[in-house]
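First up is the structure itself, then whatever we jot down about it.
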Amino acid sequence: MLLMEQNKRLPKLCDDNNCTGCLACVNACNNGALSIHANQEGFYRPLLDADKCVRCGLCEKSCPVINKPVANSSTSLEVFAAWHLDDNVRRQSSSGGAFTALAENILNKGGVVFGAAYDENMRIEHIAVEKADGLKALRLSKYAQSYIGKTFKEVNKLLRNGRVVMYVGTPCQIAGLKKYLRKDYENLLAVDIICHGVPSMLFLQSYLTWVEGKYGKIEHINFRDKRKGWYDALRVVKTAIGGEKVLKGDNDNYWVGFSNNNNLQYSCYKCQFQAFPRVSDMTIADFWGVGKTKPFGHKEEIEKGVSMIVVNNPAKKYYLDIPKDRMYIEHRSLEEAKLGNNTALKESHCPAGRATIYSDLKTMDYDAFSVKYLSASSKQKLVKIFREYLPSGIVKYIRLRNQK
Ligand SMILES: Cc1cc2nc3c(=O)[nH]c(=O)nc-3n(C[C@H](O)[C@H](O)[C@H](O)COP(=O)(O)OP(=O)(O)OC[C@H]3O[C@@H](n4cnc5c(N)ncnc54)[C@H](O)[C@@H]3O)c2cc1C
Ligand code: SF4
Ligand code: SF4
Ligand code: SF4
C-alpha cells in the first residue's frame, strides 16, 4: 500500500441500524474493498475488506444517509391519477399499472428499465429489462428488501453510452443511485415508490418455506391479487403442483406482520427519504385518496386500481408524454395524494416486538412464532373475512357504493 494511502483513514459508513442497504457505497468502490453480505436479520449490508481499501472516500461520498442528496423543489410538484388502458396489464399490476406505461415508453425510446423481480429461488433482486415481454417480471410490489447488486454501475455505463434508463426502487435506493451518479442525467428517469419500509429476504423466505410445507414448491407470490378488487387485494401463491392458492386466515400472516411494521429494517423507523419533496424524478404509488377532496369522474374504474404519479422534477415531466391509447391520466392535487397515504409518508412507528422478532424467527417453531408476532387484531380479522369469504361481486358492490 502506498504511504499516502496509509495516512488516510478507513471509510466510516453507516452503522447497521442507520444503513438502508441501498448499496451505493459498494457500487462506488472501484477496488473491490466492499462486498455485499446479509446481516444477522437478513438485510443487505456493505462489508469492508480493509486490506483492499485505498482510503479514497468515494463510498462515504456516495452514501445518501451520510450525505443526503438535494431534493427537488416542493413548489413544483404536480400530481396525477393514471391507469394503463390494457386491462390485462392493469390486473397484473399493484395499482393502476402506471409503472408499465412509463416503462413501455422508455423501451420504445430504445431504453433500459431496471426494477425488482423474483429469481428462480423467489429472492427479490433488481434486474435490467430491454424488451416489453420482460416487464411482467417487474410488475407487482414485492414486499421485502430487493437486492440491488451492482446495478448502479450498469446504469452509469448505459447513461454514459447515451441510452435512456428508467430505474424504479424504494426512495432510499433512488437516493443511493442519485448520490452514486453524482450528477443528473437527462436520459435518466429515476422513479421511487411510496414506501413505509421493508422486511428482509430472510423473513420472506422463512414464511414461504412454511407455506411450502402446506402446498409444495412455490413459484410465485402475488401480494396484490385483484380478484376481489384493488382495495381488497388477496395474497395468492402459484405452486408447482397445485396451481393457484389463495392464502386465507392465518396462512396470510406475512401480510399481518408487514401491515403492523414489526419486521422492518431499523433505518425504516427513521427514514429520511419518504416525505415530499423527494430526490427522485417521479413517484408512483396507490392513489388511495382519489376522489377524497374533489369529485372523481371515474368511480367505476377505482376497483381496477388507480396509480398516483407525482412529478418531483419538472425537467423530466416529458417522460409522461405517453400515447393516449396506452395510459389515461388526469391532474389531481397533492393534498388528495397525501390523504390516502398519510402513514406511509412519515417514519413508521417501531413496535415493541421488533427487538426480538428476528432472533425468535431463527429459533422458534414457525407456528408458535406466528402466534406470537403475526396474529391479526380483531379488526384485521373482520376485514379479512369480508375480503376472503364474501363473493367478489358483493365485495366490489359494497366498495363502489361507498365511493363518494
Ligand atoms: C415495499 C413496498 C411498499 C409500498 N408501500 C406503499 C404504500 O404504503 N402506499 C402506496 O401508495 N404505495 C406503496 N407501494 C407502491 C405500490 O405498491 C405500487 O408499487 C405502485 O402503486 C405502482 O404500482 P403500478 O401498478 O404502477 O406498478 P407495478 O406493476 O405494481 O410495479 C411495481 C414497481 O415497483 C417496483 N418494486 C416492486 N417491489 C419492489 C421492492 N421490493 N423494492 C423496490 N422496488 C420494487 C417494481 O420494480 C416495479 O417497478 C409500495 C411498494 C413496495 C415495493
Ligand atoms: S474508501 Fe475507497 S477503496 Fe475504500 S472501501 Fe471506500 S470506495 Fe472502496
Ligand atoms: S451507501 Fe447505502 S448501503 Fe452503503 S452504508 Fe450508506 S445506506 Fe448503507
Ligand atoms: S422506509 Fe425508507 S429506509 Fe425503509 S425501505 Fe423505504 S425508503 Fe428505504
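The values are calculated or read from the model by the stated rules, or taken from the named source; none is laboratory data. Here the structure is a predicted model, which means the values were calculated and not measured. Glycine also receives a Cβ, built like all others from the backbone with ideal geometry; neighbour counts cover every protein chain displayed.
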Exercise. Of a type outside the set (A, V, I, L, M, F, W, C), closer than 20 Å to Cys29 by Cα, away from ligand 2 (no atom under 16 Å from the Cβ) and surrounded by 23 or more Cβ atoms within 10 Å (Cβ to Cβ) - does that describe any residue in region 150-169?
Worked result: no
Exercise. Taking region 374-404 only, how many residues are more than 14 Å from Asp252 (Cβ to Cβ), touching a residue at least 40 places away in the same chain (Cβ under 8 Å) and assigned to a helix (DSSP H, G or I)?
Worked result: 5
Problem set entry | Single condition Ala81 does not satisfy, out of (1) modelled with pLDDT under 95; (2) within 28 Å of Leu188 (Cβ to Cβ); (3) not in a helix (DSSP H, G or I) | (1)
For this session: Give region 220-229 a look and list any residue that's modelled with pLDDT of 95 or more and not basic (Lys, Arg), or say none.
Result: His220, Ile221, Asn222, Phe223, Asp225
For this session: Could you tell me whether region 10-20 includes any residue that is of a type in the set (Lys, Arg), loosely packed, with under 14 Cβ neighbours inside 10 Å and away from ligand 4 (no atom under 16 Å from the Cβ)?
Result: yes
Seminar exercise, completed: Residue pairs qualifying under the 9 Å Cβ cut-off, at least six apart or on distinct chains, with the first in region 22-37 being hydroxyl-bearing (Ser, Thr, Tyr) and the second being within 8 Å of ligand 3 (Cβ to nearest atom), are Ser35/Val26; Ser35/Pro46
Problem set entry | Hits in region 218-254 - residues which are more than 22 Å from Lys396 (Cβ to Cβ) and in a helix (DSSP H, G or I) | Asp250, Asn251, Asn253, Tyr254
Exercise. Can you name every residue in region 137-163 that is over 20 Å from Gly97 (Cβ atoms), assigned to a loop (DSSP other than H, G, I, E, B) and either touching a residue at least 12 places away in the same chain (Cβ under 8 Å) or in contact with a Cys (Cβ under 8 Å, 6 or more places away or on another chain) (or both)?
Worked result: Ala144, Gln145, Ile148, Gly149, Lys150, Gly162, Arg163
For this session: Could you check Arg123 against (1) buried (at least 19 other Cβ atoms within 10 Å of the Cβ); (2) touching a strand residue (DSSP E or B) at 6+ places or on another chain (Cβ under 9 Å) and say which number it fails?
Result: (1)
Seminar exercise, completed: In region 301-324, anything in a helix (DSSP H, G or I) and either over 19 Å from Val290 (Cα atoms) or over 21 Å from the mean Cα position of the chain (by Cα) (or both) is listed as Glu301, Ile302, Glu303, Pro314, Ala315, Lys316, Lys317, Tyr318, Tyr319, Leu320
For this session: Test Thr100 against the stated conditions and say whether it is within 25 Å of Gly291 (Cβ to Cβ), free of Cβ contacts under 8 Å to residues at least 40 places away in the same chain and not in a loop (DSSP other than H, G, I, E, B).
Result: yes
Problem set entry | Hits in region 260-279 - residues which are within 30 Å of Glu41 (Cα to Cα) and more than 16 Å from ligand 3 (Cβ to nearest atom) | Asn260, Asn261, Asn262, Asn263, Ala275, Phe276, Arg278
For this session: Check Lys217, Lys228, Lys248 and return the single one that is crowded, with 21+ Cβ neighbours inside 10 Å and away from ligand 1 (no atom under 15 Å from the Cβ).
Result: Lys228
Exercise. Given Leu77, Leu102, which one is out of contact with any Pro (no Cβ under 8 Å at 6 or more places or on another chain), closer than 30 Å to Phe287 by Cβ and not β-branched (Val, Ile, Thr)?
Worked result: Leu102
Exercise. Of Asn72, Asn18, which residue is away from ligand 3 (no atom under 16 Å from the Cβ) and within 21 Å of the chain's Cα centre (by Cα)?
Worked result: Asn72
